[in-house]
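Read through the structure below, which is laid out as structure tokens, and then see the notes.
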Amino acid sequence: MKNRIRVLRAERRWSQADLAAQVGVSRNSIISIENGHFDPSLTLAFDIAAAFEMKIEDIFERERGKSA
Amino acid sequence: MTPRPQSRPRLYLLFLAFCIIPGLSVIAAIPWLKTQPDNLVFLLTGIAAAITILASLALAILHDRSMGEWERSNSRFSVFWGDAIGTSLVGLLLAVPVFRDWVVSIVTAFSGTANIDAQSVILAFVGGFITVVMARVLCMALISIGWTFWKSRPAREV
């Protein structure tokens, strides 16, 4: 799953630790999600979207031809 | 936001103490245990082992509650593969003559006799159990570290 977390963070000048603290997960979780190595649950995706005050579909995008 | 359960350091310490104290007590009591009948020794060490296992289970539950989904994924992957690889590793090691000789020399050294008796058999059984557990724990830890590095690697530029 592709996402725009890195860009959105940079726009807000948030560190990975800042975002992690806001959504209540570890910094490693954010690193993995941001780099596309870990797909968050729907709950966590909603939490991340809420932190950015955006909709999930504006942050996450499913890559074609890839299974979950 | 999904609140993350707070870690509870006092409970952690309490369960950790229950994990460590029974084992240390058994070690400290070895001189006294040597003078006691076998049944009493096995009963006491069995109780100590049960307390340790229950406390470690409680510790694991406590830790699990404070984990996020990323950590839980890591744990699931590491336990699954660590269990399988660690257990298989011990089986494979037994096929290596040097390892078998080493096991025999350890049992002989601890039991104090070159002839196999009941004590040697029990010692070997306990040693085998400890080896399997240690191999599984070691493999789980290594796989968990590997998983963490793998999942934290930089994104591939497309």
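The values are calculated or read from the model by the stated rules, or taken from the named source; none is laboratory data. Not measured: the values here are computed from a predicted model. Cβ atoms come from the backbone with ideal geometry, glycine included; neighbour counts cover every protein chain shown. For the accessible areas, the whole protein counts, side chains as well, though only heavy atoms, and no ligand, DNA or RNA atoms are used. Shrake-Rupley method; radii C 1.70, N 1.55, O 1.52, S 1.80 Å.
In table form, for the structure just shown:
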read-out	value
Burial of 20 Å² or greater, the range A:3-25 residues [accessible area, probe 1.4 Å, versus chain by itself]	A:Q22, A:G24, A:V25
Order by protection proxy (mean Cβ within 10 Å, highest first), peptides B:76-84, B:56-64	B:76-84, B:56-64
Estimated inter-spin distance, B:A109 and B:H63, nm [label 7 Å along Cα→Cβ]	3.0
Global form of the range B:93-158, assessed from the alpha-carbon gyration tensor, a/c cut-off 1.5	prolate
For chain A, calculated [θ]222 nm from helices alone, where every DSSP H run of n ≥ 4 adds -39500 (n - 2.57)	-15000 deg cm²/dmol
Estimated 222 nm signal from helices in chain B, with DSSP H stretches of n ≥ 4 weighted -39500 (n - 2.57), rounded to 500	-27500 deg cm²/dmol
Within the range A:17-68, trypsin sites (Lys or Arg not before Pro) in DSSP loop having at most 13 other beta-carbon neighbours inside 10 Å	A:K55, A:R62, A:R64, A:K66
Projected label distance in nm at B:A29 and A:V7, using a 7 Å step from Cα toward the beta-carbon	6.6
Whether the range A:2-55 is rounded, prolate or oblate, judged on the alpha carbon gyration tensor where a/c under 1.5 counts as rounded	rounded
Projected area, mean over directions - chain B, Cα convex hull, nm²	14.1
Reciprocal of mean inverse Cα separation for the range B:65-113 (Kirkwood radius, Å)	13.5
Kirkwood Rh in Å, taken over the protein assembly as shown so that all alpha-carbon pairs contribute	21.6
The range B:47-64-chain A distance, computed between alpha-carbon centres (Å)	35
Tail beyond 19 Å, pair distance distribution of the range B:1-66 (Cα, percent)	45
Residues B:R153 and A:E53, FRET efficiency given R0 of 45 Å [Cβ-Cβ distance, rounded to 0.05]	0.90
Under 21 Å between alpha carbons - lysine pairs in the protein assembly as shown that sit 8 or more apart or on different chains	4
